[in-house]
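In what follows, a single structure is set out as structure tokens and then discussed.
None of the figures in this text is laboratory data; all of them are computed from the coordinates on show. None of the values given here were measured: they were computed from a predicted structure. Every residue, glycine among them, receives a Cβ derived from its backbone with ideal geometry; neighbour counts consider all protein chains shown.
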Amino acid sequence: MSKRGFDSGPMGGVGGEMGQTRKQRIDLADLRPGGSGNGGIAPVGGINPYTNRPYSSKYHDILAKRRGLPVYEFLDDLLAKVKKNQVVVVEGETGSGKTTQIPQFLVDAGYTRDGYCVACTQPRRVAAMSIAKRVSEEMDVTMGEEVGYTIRFEDCSGPKTVLKFLTDGMLLREAMFDPMLKKYKVIVLDEAHERTLATDVLMGLLKDVLQRRPDMKMVVMSATLDAEKFQKYFGDAPLLRVPGRMFKVEVFYTPEPERDYVQAAIRTALQIHLCEEPGDILVFLTGEEEIEDACRKIRDESANYTSTHGELAVYPLYSSLPPTQQQKIFSEAPGPQAPGAPPGRKVVVSTNIAETSLTIDGIVYVVDPGFSKQKIYNPRVRVESLLVSPISRASAQQRSGRAGRTRPGKCFRLYTEKSFQKDLQEQTYPEILRSQMSNVVLTLLKLGVEDLVHFDFMDPPAPETLARALEELNYLGAISDEGLITQMGHRMSELPLDPQAAKMVLSAPDFGCSNEILTIVSMLSVPQVFMRPKEAAKRADEAKAQFAHVDGDHLTLLNAYHAYKQHGGSKDWCWDNFINVRSMGSAENVRTQLERMLTRMEVPLLSPDFNAPDYYTRIKKALTAGGYMQVAHLQKTGQYLTVKDHQIVSIHPSSVLDMKPPWVLYADFVLTSKNYIRTVTAVECEWLLEIAPHYYDLANFPKGETKNELEACAKRLYQL
Ligand code: CDP
Ligand code: MG
């Protein structure tokens, strides 16, 4: 075995004398239990000024911990910098206390006097919720009152809220209705290094808002060394650097590439449990299904060793997990089963959320297979897709750093060292270079930014991407040929949906089926509804078949929702029918909120007569009214080609369609080894010509079978 390598095969190298240190050791000599020099904030004893109640004992316990965080020593410096400058950049190692402490400092320092609020943005919903909960405990207030959060379709804040954690996307939406963000005195843009699309757009917008609101402040926080770029962008803003406390982390690589990274990750986690000193484990995987599967396997396997090696508590972490379960990652590892028995440990199996957004204390071992789900976009064929892709070297460094927060740790990279050096790119590309832009472009137009080409993006998107977005919005009627936002565009932008879905919803009254479209759009916006555990695949398929509609998946979702409502939203019913009860709950919530918005916008909520022969036709036509750009046509070869862009695609195996209708509309394009279209419904070529004549303008249509077919159809249609 190579010095740095480890063999993740059965009982292989983990646990022996392996590897060399990579990280430098920084001593903890400086750790002191707080006390003076903290700017007089958060006094011990006394009355909580936010609630006028005495502080609880829990408050004091947490306070002691807070005072140990590296950022605490920089409080005075931070406040002085914020006072003197409009923008301050803060860079600090993950876990140093930036997110939980800095927004609080600002509140305590008086920035929320006179009814103002401090906002702190997060790229991820889970982080916004979890941090709001933590900070409300730290401030000894009730979550949703003084401290709250807002994520899409969920607002847990109120009139008393002085500190609000919200996703970057939500702040962008708030800006649409309040362009000067008048409510806020300070905006903290957190996790700026992640460079999400919404954060990038916010930075551009806020630069302008700050000029018009000299009283407003902004703090940009980042975990990595990119601070200089942010400083420059914000007119040489000063930097506050919070040194982290990192213990050495030994990094190990596999000697050979792993064929199946999920299996390798499971094996490695189990070996750590059997062979390594006590300490908790963090495993990075890419998505819900993979994570749940891995958790199950780790649980089953480790149960055999509980008596000899202690209990292994396994917790998943991903964005669609309900908050109470998310919170479990912070619970203590299990203790020994009996006096003298070995202590247990916990293993958290997480998506990228745990890379920088959430810090779990007590992690000593990190298992990094080297992948995450990333958005990619190809403007030429207008396909945006989430793809499991190799992470960057910067991400790999962040991940390994998670092992050294409380004491020296180990990181097991499930790839070769050569691959780390040669195959991984240095940094992850900003999302704006990998995204479809029509949603953002519509938001910017709504905000009055008309000159998109000269908008001050930190990294401007490809001109082709912008052009595609404008073209799509123009087809959807959201902007005029001159590029100005239309009445329809204004209405579309008010809905928290992508432009195609918004158009679908707003067109639905024309077909008398807004209620049904609302349901379908809500069902599409939540994680997978139909569960299909491998061990019960056949029964799951049979259960799904009860809801199947011969014309496809959108109508099947509608049927499932109706059945769910008929059974009063019963958990047992969901369980028996392999329906994800959480997803259904979310879909109901999304639906209620959208319905409220439509009522406010005076969009009529209509349903066709269920017994009328055209009930489903109306719904399919309304789907077509928003989705006509995502249509594929069956060729004589038996393959589907997407219209106009001519991509060869196959219907995803999860679809209920068992015949191949000539024309299908699809919700997603899934890139794997093959191009799949998922959530697919049969439509008719006449509707395409009738509903979207400007898109299906045959004078400007690429040559091919599809065009011939449309021409034949046009003849039939207009001779009738
Ligand atoms: O933002 P940054 O990465 O600098 O650190 P943070 O998220 O503010 O975390 C500071 C500390 O709070 C860490 O030790 C976390 O483990 C702890 N924390 C927690 O115990 N529970 C949470 N829900 C969030 C953070
Ligand atoms: Mg943070």
**Asked** Can you give the helix-only mean residue ellipticity at 222 nm for the chain, where every DSSP H stretch with n ≥ 4 adds -39500 (n - 2.57) and the sum goes over all residues, rounded to the nearest 500 deg cm²/dmol?
**Response** -11000 deg cm²/dmol
**Prompt:** Mean separation of Cα pairs under 8 Å and 6+ residues apart, divided by the residue count of the range 665-720: what relative contact order is that in percent?
**Reply:** 25
**Prompt:** Which whole-number percent gives the relative contact order of the chain, counting Cα pairs below 8 Å spaced six or more residues apart?
**Reply:** 10
**Request:** Quick one: which residues, 5 or more positions from Ile651 or on another chain, have an amide H under 5 Å from its amide H? H modelled 1.01 Å from N in the peptide plane, none for Pro or chain starts.
**Result:** Ile677
**Ordering of 584-596, 229-241 by packing [mean C-beta count within 10 Å, highest first]** = 584-596, 229-241
**Mean Cβ count within 10 Å, highest first, over the residues of peptides 502-512, 107-117, 660-670** = 502-512, 660-670, 107-117
**Fill in**
With R₀ set to 35 angstrom, the calculated FRET efficiency between the beta-carbons of Asn589 and Glu256, to the nearest 0.05, is 0.15
**Fill in**
So, with points 7 Å from each Cα along the Cβ direction, the His60-Glu301 label distance in nm works out to 4.7
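Let a ≥ b ≥ c be the square roots of the eigenvalues of the Cα gyration tensor of the range 224-383; is it rounded (a/c under 1.5), or, if not, prolate (a/b larger than b/c) or oblate?
On the way: a/c = 2.03, a/b = 1.51, b/c = 1.34.
The shape class here is prolate.
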**Message:** I want to check the label-to-label distance for Asp614 and Gln86. Put each point 7 Å from Cα in the C-beta direction and report it in nm to one decimal.
**Reply:** 5.7
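If you take every DSSP beta bridge fully contained in the chain, what fraction is antiparallel? Give it as a percent rounded to 5.
Details: 33 of 87 bridges.
Close to 40 percent.
What is the extension gain from Gln421 to His567, computed as 0.36 nm multiplied by their sequence separation minus the C-alpha to C-alpha distance, in nm to one decimal? Present the calculation step by step, with values, prior to reporting the outcome.
Details: separation 146, 0.36 × 146 = 52.56 nm, distance 5.56 nm.
So the chain would gain 47.0 nm between Gln421 and His567.
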**Message:** Which order do the peptides 138-148, 74-84 come out in when sorted by mean C-beta neighbours inside 10 angstrom, highest first?
**Reply:** 138-148, 74-84
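So what is the relative contact order for the range 436-483, in percent, with contacts set as C-alpha pairs under 8 Å and at least six apart?
On the way: 28 pairs, mean separation 22.7, N = 48.
For the range 436-483, the relative contact order is 47 percent.
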**Asked** Can you give the charge dipole size of the chain about its Cα centre, rounded to the nearest 20 debye, using +1 on the beta carbon of Lys and Arg and -1 on the beta carbon of Asp and Glu?
**Response** 1180
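If each residue of separation counts as 0.36 nm, what is the full-extension length gain between Val550 and Arg213 once their alpha-carbon separation is subtracted?
Fully extending the segment from Val550 to Arg213 adds 115.6 nm.
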**Request:** Consider a paramagnetic label point 7 Å from the Cα of Ala712 along Cα→Cβ; state which residues of the range 595-623 have an amide N under 15 Å from it.
**Result:** none
**Request:** Spit out the partnerless Cys residues in the chain, using Cβ distances under 4.7 Å as the pairing rule.
**Result:** Cys117, Cys120, Cys156, Cys275, Cys295, Cys411, Cys513, Cys574
